[in-house]
Every structure is written in C-alpha cells, then in structure tokens.
1. Which ones in region 81-129 are more than 24 Å from ALA200 (Cβ to Cβ) and either of a type in the set (Ser, Thr, Tyr) or under 18 Å from the mean Cα position of the chain (by Cα) (or both)?
2. Just for region 207-222: of the residues that are of a type in the set (A, V, I, L, M, F, W, C) and assigned to a helix (DSSP H, G or I), which one is surrounded by the most Cβ atoms within 10 Å (Cβ to Cβ)?
3. What is the number of the single condition among (1) without any contact (Cβ under 8 Å) to a residue 60 or more places away in the chain; (2) at negative phi that GLU59 does not meet?
4. Which one of the conditions (1) at pLDDT 90 or above; (2) of a type in the set (Gly, Ala, Ser); (3) not in a helix (DSSP H, G or I) does GLY163 fail to meet, given that it meets all the rest?
5. Checking MET135 against (1) surrounded by 11 or more Cβ atoms within 10 Å (Cβ to Cβ); (2) not in a helix (DSSP H, G or I), which single condition isn't satisfied?
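The values are calculated or read from the model by the stated rules, or taken from the named source; none is laboratory data. Computed from a predicted model, the values in this text were never measured in an experiment. Note that each Cβ is placed from the backbone with ideal geometry, even for glycine, and that neighbours are counted across all protein chains shown.
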Amino acid sequence: MTASTMCPNWSKKLLRIAIPLAVWLGVWQLASFWVGRELLLPSPYAVAQCLGQLSCTPEFWLSAGYTLLRVVSGLVGGVVLGTVLAFLTRFCIWADWVFSPAIRVLRATPVVSFILLVYLWVSRANIPGLIAGMMVLPVVWGSLTAGLKAVDGQLLEMARAYGFSSFKTLRLIYLPSLRPHFTGAILNGFGLAWKSGVAAEVLCPPKWAIGSSIQQARQALETPELFAWTLVIVALSLVLEGLLGLWLKPRGEGNA
C-alpha cells in the first residue's frame, strides 16, 4: 500500500471520528445552554476544565490506575476460569451436570444482586475485581463451549487416524478453531468487566477508585466532576478495547 492510498484512508477515519464528535458536542452545548443550570447539565467547557484540574492531582491517576488494575485482574480471572470450565463441561459429563446450571444462573442474575451479596463476605477493595470476573466467566464459557461443539469432526477423525497426542490435537485443531470464539469472548467480556467493575466501586467504594470518585461527586452535587469521571470511564474503555482488539488480531491481518 502506497502513501497516496494511505492518506485518504486516514482522512476518512479522522472524519468519521471528528464529525460525530463535533455534532454531539454541539448538541451537548445547546442542551446545556437551554437548561441553563450547571447543576443539572454542565457545558462541555466546564467539564473539560474540571477534567483538566482533576488530571493534575495524584488522586486522579491513583484512582484510574487502581480501577484499571481491578478490572484487568477480574478479566484475567474470569477468562482463565471460564476457559477451564468450558473444557471441563464439554469433555466431562459430570462436570457438565454440576457446573453448567450454576453458570447459567450466574449469567441470568443481575449484577447489582451479586454486588450486594458479595459485600457481606468480601472486603471492599476486592469486590470490583471479583464482580468483573463473575461477569466475564459466563461469556467466556458460553463462547468457548459453542466453539468446542463446532470443531470440525473430520479434523478430529484425521487426528485420531494419524495418532495425534492430546496436546498435538489441542494445538493443531482445537486452538485454531477456538481463536475467533476466544477473541470475541474477551472483547465482549472486557466491556462487561469494565462496566460491572466500576458499578461495584460505586456501590461499595474502595479507597482509590473511579467509582468512589463518582460517588463522592454525586454526594457533593459536583455535576461537572461527575461528567468528567464519566468521560474518563468512556475514554479508557474505548482506548483499552481498541488496544485489546489490535493485540488479539491475527498477525497477518494487519498487513493485508
């Protein structure tokens, strides 16, 4: 791909970001002007000014860093446990009878109920990561279970005919077949982990957390600060999800 063909592509991407952003910022500004009360709806300028002030404090970076650490730890735990349970319930009938109903119940239960129940048994600092992991686990389990069922039976028959070991069958047949399911599960699970983790921080505020800062801003009626923290959540989620997507993308795909 030449530089002349890359420039229009980048221009289109920038326009696709800039135009909707400008439109919705304009709508926000008009709505703020129409409401006329910063307590109810602050202007984009007021929120940006508040965000700039917050970013100059060490508390801002500590809160963002600890929230990110909790969400990532919950995501990793949910992915690992969901993967193990997917293989167990697929290949062991007893594990399927025991764990599958429990995972379906976990998937159907509202996150708020789990947050309030876990609050009785777990320290506040550990609740967000635990809740994030609990929300990710059913997503990973469901996606990988569907992927395991969809593995080509002819390939498995060929592996048996050629005397492949279990490890070789896993590496050459199962893992390539499961890759798209695994990628989709992680990307979907990250969004759930992020939202549920921050929700847990709001309801059970630990010392350093974005959710705790949101709760404090709400109680103090600091609406610009509340909007500023919300923008931080959205921005971090979009950036991290984009980086995660690039990391999970097949190596040859980026050079196509």
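1. Those that are more than 24 Å from ALA200 (Cβ to Cβ) and either of a type in the set (Ser, Thr, Tyr) or under 18 Å from the mean Cα position of the chain (by Cα) (or both): THR89, SER100.
2. Among those that are of a type in the set (A, V, I, L, M, F, W, C) and assigned to a helix (DSSP H, G or I), it is ILE210.
3. The one condition GLU59 does not meet is (1).
4. (1)
5. (2)
Matching residues to (1) small (Gly, Ala, Ser); (2) loosely packed, with under 13 Cβ neighbours inside 10 Å:
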site: GLU59; (1), (2): no, yes
site: GLY74; (1), (2): yes, no
site: VAL84; (1), (2): no, no
site: ALA95; (1), (2): yes, no
